[in-house]
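What follows is a set of notes on a single structure, which appears directly below.
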Amino acid sequence: MSNDVYTPPNIWTWDKSSGGKFANINRPISGSTHEKELPVGEHPFQLYSLATPNGVKVTIMLEELLEAGFDEAEYDAWLVNIQEGEQFSSGFVGVNPNSKIPALMDFSGDIPLRVFESGSILIHLAEKFMQFLPAQGHDRTETLNWLMWQMGSTPFLGGGFGHFYAYAPEKYEYPINRFAMEVKRQLDVLDKQLENHEYIAGNQYSIADMAIFPWYGLLAHGSLYEAGEFLQVKEYKHLQRWTQKLLERPAVQRGRLVNKVWGEEDKQLKERHSKTDFEGLV
């Protein structure tokens with residue numbers, strides 16, 4: 001452990017040169033930094049996103065709806081490059097005042113609706129198409145339990161472990177160990193749940209699976225933060241089984257590519273406007 005000791009000042013001030021990946025786009029104030037309208041395509045749903053785990057949740061959902069035969073779920077997916085600060089445009093802030101991807105505009109009804117926060121988007125689409133979320137009763141509650149589990153737990157994985165393990169300008173033992181311990185506890189929670197259930201919320205595939213997979217499934221797969229060996233993810237055998245099952249779903253395979261602009265070129269799809277955009281990719 002480092003011998004450096006930080007004593008917080010009486011009043012916090014913003015150090016713009018604090019370093020680390022994404023430091024150039026993090027700031028303590030909300031609102032837009034520049035004027036720019038968002039593009040609008042021809043489909044009922046307009047998604048503004050990036051293929052981070054939170055973005056992938058929604059593209060998987062939309063692709064699953066299309067896979068299930070709901071042509072009304074056609075969508076345009078526009079790239080929002082968060083490393084370039086595009087989430088602070090006036091148009092994007094108008095859809096999501098929190099300036100976080102993903103954000104969705106639903107033009108399918110009489111009144112256009114903005115939907116932000118990935119969990120809210122999943123619920124909105126599930127209720128609109130009556131898919132992947134039971135309408136009532138025990139199964140609905142259990143699905144929402146696990147969706148909210150993901151929303152509440154993942155900051156410890158992403159902003160906690162992921163930041164200090166993969167993105168922080170300097171590596172320190174204490175925060176990495178603190179968040180690694182919590183993430184392994186979360187992996188154990190999922191593994192025990194999946195020991196007696198085919199999917200996260202029971203025996204039916206749901207928005208809970210779509211929400212949890214891009215974070216914990218890809219962590220178990222070893223592709224998130226490249227931390228598989230460090231966290232010994234292979235020991236969670238039930239989580240591994242579930243992860244492989246989802247990786248084999250065609251809609252999941254497509255959803256992972258949308259708004260992706262890094263890695264192998266044949267695994268990238270900067271924007272998505274038609275089913276044909278996937279040709280040659282999956």
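Each value in this text was obtained by applying a stated rule to the coordinates, not by laboratory testing. Quick caveat, the model's predicted, so the values are computed rather than measured. Quick reminder, even Gly has a Cβ in these numbers, built from the backbone with ideal geometry, and neighbours come from all protein chains shown.
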Radius ratio Rg over Rh of the chain, counting only Cα atoms, Kirkwood formula for Rh: 0.97
Extension gain (nm, one decimal) between LYS171 and PHE230, 0.36 nm per residue minus Cα-Cα: 19.8 nm
Net length gained if the chain between HIS138 and PHE278 were fully extended (0.36 nm per residue, minus Cα distance): 46.7 nm
Label-point separation in nm, MET148 to ASP15, each point 7 Å along Cα→Cβ: 3.8 nm
Farthest positive-ward along the stretch 52-153 dipole, Cα basis, beta-carbon charges - from ALA103, SER153, LEU65: SER153
Anisotropy class of the stretch 32-158 from Cα gyration tensor, a/c 1.5 cut: oblate
Sum of -39500 (n - 2.57) over DSSP H runs of 4+, divided by residues of the chain (222 nm, nearest 500): -11000 deg cm²/dmol
Paramagnetic reach from ASP71 (point 7 Å along Cα→Cβ, amide N under 19 Å) across the stretch 91-135: 107-109, 129-130
